[in-house]
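J.: Sharing a structure here in structure tokens format.
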2 protein chains.
Amino acid sequence: MLPKSLVDLIEYFKKFPGIGEKTAERLAFSVLNFDIEEVTEFSKALCNAKSNIKPCSVCGTLTESDICFICRDDSRDSDSILVVENSKDVFLFERIGNYNGYYHVLGGLISPLDEIGPDDLSINLLLERVRNNNIKEVVLAIKTGIEADTTALYIKKLLEKDGIIVTRIANGIPIGADMEYIDVLTLETALNNRKEVF
Amino acid sequence: MLPKSLVDLIEYFKKFPGIGEKTAERLAFSVLNFDIEEVTEFSKALCNAKSNIKPCSVCGTLTESDICFICRDDSRDSDSILVVENSKDVFLFERIGNYNGYYHVLGGLISPLDEIGPDDLSINLLLERVRNNNIKEVVLAIKTGIEADTTALYIKKLLEKDGIIVTRIANGIPIGADMEYIDVLTLETALNNRKEVF
């Protein structure tokens, strides 16, 4: 019979994605090994993050200001917008460092089954941005799957009339991955998307 | 460039054992998906757990009262004390449910390399308890290894003069484990500890 406040804590840790009973327990127990100061600071950090961070009013990237540091950066390539599903993805691409355009966070994918339509996503805002800033290329950096493909097609249909190039990041074999562990669909895609060797 | 308060939060998650950069990020991001109420409650739960829970003054098990629910339970078998390294282990054995004696948390193992001597552990307290309550058997439920063996031997030497039986939980092949995955040392121990089939 664990102490009540420990049981409570475990329950909260279990709310996190990918955290099961055992891990939640391990985390809760380790809280007891921290100094009281550390725990207080941690709990403050939680509330701060939750209350300070909101989506950028332009692109939807997480930010503490009204407009994120990317949208505020005029030195960026104003011709292209890279569209991602979640704002977390923005930081992944920023880490690569070789993309210098702007971003747009959809906030999800079109999924009739989950009753998520185009209006539930920031697609209209994307169209506005594209038209008002005469963007030339919209790069779709969304995962594969029916929802993603539907969303990609939907966005393409809307933008092609305006003569905007809509591209999608390549599917294929991950660099360094072992052939034998790649699923058939990926292999097939990789084969179809083959490129001439230079 | 992640928002400052998110970076801070990630740093705190990284303090947890077994939580690396990627997991810390995943956890920090998911905090943003919780309601502000949930986050507040979670941060309270953290502080509550840290401030309410302390070791039982008798056996060292984590408790919110001065003396834990096990030590307060007179219906238990007063002949034996099960000795564990950490108070977390107490709850593991309580879950099995078939041990009905009392517990004692050592708070570690004798380890000259880490400069942990007998006096850094609650061994003297154990001796006191054993003598004052005329305990008949002390069960050592500690993991294997040099430190554990040293600790076991040390405790045995102290108690055998008083004619107290000091036992140690069995080593062997985990139930249901695949033979081929068992290390040689475990196999050897299992062979040496073989029991007649009834």
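The values are calculated or read from the model by the stated rules, or taken from the named source; none is laboratory data. Remember, it's a predicted structure, so these values are computed and weren't measured experimentally. When we count neighbours, we look across all protein chains shown, and the Cβ atoms used for this are built from the backbone with ideal geometry, even at glycine. Note: areas computed on protein heavy atoms with side chains; ligands, DNA, RNA excluded. Shrake-Rupley method; radii C 1.70, N 1.55, O 1.52, S 1.80 Å.
J.: What average number of partner chain Cβ atoms lie no more than 10 Å from the Cβ of the residues making up A:72-81?
T.: Per residue, the average neighbour count from other chains is 0.
J.: Can I ask one more? With r as the distance between the Cβ atoms of A:Asn133 and B:Ile175 and R0 = 45 Å, compute the FRET efficiency 1/(1 + (r/R0)^6) and round to 0.05. Please report the intermediate quantities before stating the final value.
T.: Values: r = 65 Å, r/R0 = 1.45.
Efficiency for this residue pair is about 0.10.
J.: If I compute solvent accessible area with a 1.4 Å probe over the protein chains, what percent of it on the protein assembly as shown is carbon and sulfur?
T.: Working: 12450 of 22500 Å².
The value for the protein assembly as shown is 55 percent carbon and sulfur by accessible area.
J.: Another one. In deg cm²/dmol and to the nearest 500, what is the mean residue ellipticity at 222 nm of the protein assembly as shown if only DSSP H runs of at least 4 residues count, each as -39500 (n - 2.57), divided by the residue total?
T.: On the way: 14 runs with 166 residues, N = 396.
After summing the helix terms and dividing by the residues of the protein assembly as shown, the value is -13000 deg cm²/dmol.
J.: Greater than 27 Å separation of Cα atoms is the criterion. Which listed pairs, A:Lys143/B:Lys22; A:Lys4/B:Lys22; A:Lys54/B:Lys50; A:Lys88/B:Lys88, meet it?
T.: Details: A:Lys143/B:Lys22 19 Å; A:Lys4/B:Lys22 31 Å; A:Lys54/B:Lys50 30 Å; A:Lys88/B:Lys88 35 Å.
Going by Cα-Cα distance, A:Lys4/B:Lys22; A:Lys54/B:Lys50; A:Lys88/B:Lys88 fall outside the 27 Å limit.
J.: Let me ask something else about it. Over its Cα atoms, what ratio of radius of gyration to 2.2 N^0.38 Å does region A:7-84 give? Kindly include the intermediate steps, with their values, before the conclusion.
T.: Working: Rg = 18.4 Å, N = 78, 2.2 N^0.38 = 11.5 Å.
Against the empirical 2.2 N^0.38 Å value, I get 1.60 for region A:7-84.
J.: Residue-wise, which Karplus ³J(HN,Hα) couplings in Hz belong to region B:5-19, taking 6.51 cos²θ - 1.76 cosθ + 1.60, θ = phi - 60°, and x for glycine or proline?
T.: Residue by residue, region B:5-19 yields 5, 6, 4, 4, 4, 4, 4, 5, 5, 5, 6, 6, x, x, 9 Hz.
J.: Determine ³J(HN,Hα), in whole Hz, for all residues of region B:114-127 in sequence, where each value follows from phi through the Karplus function 6.51 cos²θ - 1.76 cosθ + 1.60 and θ = phi - 60°; x replaces Gly and Pro.
T.: After applying 6.51 cos²θ - 1.76 cosθ + 1.60, I find 8, 6, 9, x, x, 6, 7, 10, 8, 6, 4, 4, 4, 4 Hz.
J.: By how many degrees, 0 to 90 and rounded to 10, does the Cα axis of helix B:21-31 deviate from the longest principal axis of chain B?
T.: 60
J.: Considering only protein heavy atoms, what is the solvent-accessible area of B:Asp149 at a probe of 1.4 Å, reported in Å² to the nearest 10?
T.: Approximately 70 Å² of B:Asp149 is accessible to the 1.4 Å probe.
J.: Give the whole-number value, in cubic angstrom per residue, of the convex hull volume spanned by the C-alpha atoms of the protein assembly as shown.
T.: In the protein assembly as shown, the Cα convex hull volume per residue is 243 Å³.
J.: Okay, next question. What's the local net charge at B:Leu92, with K and R +1, D and E -1, over the other residues with C-beta under 14 Å away?
T.: Values: positive: A:Lys22, A:Arg26, B:Lys88, B:Arg95, B:Lys143; negative: A:Glu21, A:Glu25, B:Glu85, B:Asp89, B:Glu94.
Around B:Leu92, the charge tally is 0.
J.: Show the residues, 5+ positions off or on another chain, whose built amide H is closer than 5 Å to the amide H of B:Ile116.
T.: Long-range HN contacts for B:Ile116: B:Ser111.
J.: With no solvent and one point on each alpha carbon, what is the Debye value of log10 I(q)/I(0) for chain B at q = 0.09, 0.12 Å⁻¹?
T.: Here log10 of I(q) over I(0) equals -0.52, -0.83.
J.: Using the Cα centre of region A:7-73 as the reference point, and only Cβ charges (+1 on K/R, -1 on D/E), how large is the resulting charge dipole? Debye, rounded to the nearest 20.
T.: Numbers: 8 positive and 11 negative charges, 61 e Å.
Around 300 debye, computed over region A:7-73.
J.: Next question, about the same structure. Counting only heavy atoms of protein chains, what accessible area per residue, in Å², does the protein assembly as shown have with a probe of 1.4 Å? Please report the intermediate quantities before stating the final value.
T.: Numbers: 22500 Å² over 396 residues.
Heavy-atom SASA per residue in the protein assembly as shown reads 57 Å².
J.: While we're on this one: Would you kindly state the longest site-free stretch of chain B, with sites defined as GluC sites (Glu not before Pro) in a DSSP loop (not H, G, I, E, B) surrounded by at most 12 other Cβ atoms within 10 Å? List each step's numbers first, then the result.
T.: Values: sites that count: B:Glu115, B:Glu196.
So the longest stretch without any such site is B:1-114.
J.: Could you give the dipole magnitude of the protein assembly as shown about its Cα centre, charging the beta-carbon of Lys and Arg +1 and that of Asp and Glu -1, in debye to the nearest 20? Let's see the in-between values first.
T.: Values: 44 positive and 64 negative charges, 23 e Å.
Dipole size: approximately 120 debye.
J.: Continuing with the same structure: Roll a 1.4 Å probe over the protein heavy atoms and report the accessible area of A:Ile165 in Å², nearest 10.
T.: For A:Ile165, the solvent-accessible surface is approximately 100 Å².
J.: Can you work out ³J(HN,Hα) from phi for every residue in region B:61-66, in order, using Karplus 6.51 cos²θ - 1.76 cosθ + 1.60 and θ = phi - 60°, giving whole Hz and x for Gly and Pro?
T.: Residue by residue, region B:61-66 yields 5, 4, 8, 9, 9, 5 Hz.
J.: I would also like to ask the following. Looking at chain B, send over the antiparallel percent of its DSSP beta bridges, to the nearest 5. Mind showing how you got there, number by number?
T.: Working: 3 of 15 bridges.
Here the antiparallel bridges make up roughly 20 percent for chain B.
J.: Ballpark to the nearest 100 Å², how much total accessible area do A and B bury together, probe 1.4 Å? Walk me through the numbers on the way to the answer.
T.: Numbers: alone 13550 and 13560 Å², together 22500 Å².
Heavy-atom accessible area buried at this interface is about 4600 Å².
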